[in-house]
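The next block holds one structure in the form of structure tokens; read it before the comments.
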Amino acid sequence: MRPKIVLFGDSITEESFREGGWGAALANHFTRTADVVLRGYSGYNTRWALRAIERVLGAEGVGGGEGVVAVTVFFGANDAAVHDRASAFQHVPLDEYKLNLRSIVSFVNKRWPEVVIILITPPPIDVEGRLRYVIIYYLFQTSGLPERTNEAAGAYAKACISVAGECGLPVIDLWSRIQQLDDWEKSCLRDGLHFTCIGNDVLFKEVVDTLRKESVSLETLPVDLPLCSEMYPNDPLKAFESQI
């Protein structure tokens, strides 16, 4: 059975199989060695993810759950929505966010004791981009204020890093990583939150590097069937004997 890498998160995960997406890039990267399974839910916060986790990752989820070697947990962008603005219904208080992340990690650990769990922080917010989005999407300008701020996203990113440290897990500090790039607001984010191709590429590379450090890589995962280059010219079927 092929190993599985499960992507569990919100809209940035749900969109990851679009053209240029970080999930699609992962599927291509592991094309002969692992199946990348998408479990992304647009708009979800950690509170809603916990309500759905049994259905999503439980006994009936992920194709029965056999062979899962890694899970990315990527929530926080919606939890960090400002509590008294247009996306208030998605907001989750910081302490609850941390508690919910711990509960998600605990569920995954019990489901797959040997699995590699990677936490990913929420990305930074381009406030100007989000404000334009609010005006267009909600058809009005909510007090002239965006429903997400970079300061709030940063607080939730720090909380995610803290939970990873408590649980002894690898974490991708996407909030800091993206802000290291020039003109990150426009080059990495198309609407102040969701990724452009460049933003997707940043996360793809971070996930591959982190998986490699946790011994999940092209070098450690065997291909499921012989490569064409391994076929014997005069007796191609002989190459299958070593895998029977």
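Any read-out appearing in this document is the output of simple, stated calculations on the displayed coordinates, not a laboratory observation. Note that this is a predicted model, so its numbers are computed, not measured. Don't worry about glycine lacking a Cβ; one is built from the backbone with ideal geometry, like all the others, and counts go over all protein chains shown.
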### Task
Return one number: the angle in degrees, 0 to 90 and rounded to the nearest 10, between the long axis of the Cα atoms of helix 46-57 and the longest principal axis of the Cα atoms of the chain.
20 degrees
### Query
Projected onto the charge dipole of segment 4-243 (+1 at Lys/Arg Cβ, -1 at Asp/Glu Cβ, origin at the Cα centre), which of His83, Trp22, Asn200 gives the Cα projection farthest towards the positive end?
His83
### Query
Percentage of Cα-Cα pair distances in the chain greater than 34 Å, rounded to whole percent?
20 percent
### Task
Calculate how steeply helix 197-213 sits against the longest principal axis of the alpha-carbon atoms of the chain, using the helix alpha-carbon long axis, and give the answer as 0 to 90 degrees to the nearest 10.
50 degrees
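Note down, for segment 1-109, the three equivalent ellipsoid semi-axes (square root of 5 times each alpha carbon gyration tensor eigenvalue), biggest first, whole angstrom.
26, 17, 10
Roughly how big is the chain's charge dipole about its Cα centre, with Cβ charges of +1 (Lys, Arg) and -1 (Asp, Glu), in debye to the nearest 20? Intermediate values should be presented prior to the final figure.
Working: 24 positive and 32 negative charges, 84 e Å.
About 400 debye.
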### Message
I want the local charge near Cys228. Using Cβ-Cβ distances under 15 Å, sum +1 for each Lys or Arg and -1 for each Asp or Glu among the other residues.
### Response
-1
## Note on the structure
Compactness check, segment 106-244: C-alpha Rg relative to the 2.2 N^0.38 Å globular estimate gives 1.51
### Query
Pairing the Cα long axis of helix 94-111 with the longest principal axis of the chain, what angle in degrees results, from 0 to 90 and rounded to the nearest 10?
20 degrees
### Query
For segment 78-184, with equal point scatterers placed on the C-alpha atoms only and solvent neglected, what are the log10 I(q)/I(0) values from the Debye formula at q = 0.24 1/Å, to two decimals?
-1.23
### Summary
At the level of C-alpha centres, the distance separating segment 140-186 and segment 50-112, in angstrom, is 17 Å
## Note on the structure
With Glu54 itself left out, Lys, Arg at +1 and Asp, Glu at -1 over residues whose Cβ is under 10 Å from its Cβ give +2
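For the chain, the longest stretch holding no chymotrypsin sites (Phe, Trp or Tyr not before Pro) located in a DSSP loop with at most 16 other Cβ atoms within 10 Å is which?
1-137
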### Task
Please give the net charge around Val127, taking every other residue with its beta carbon less than 14 angstrom from that of Val127, where Lys and Arg add +1 and Asp and Glu add -1.
-1
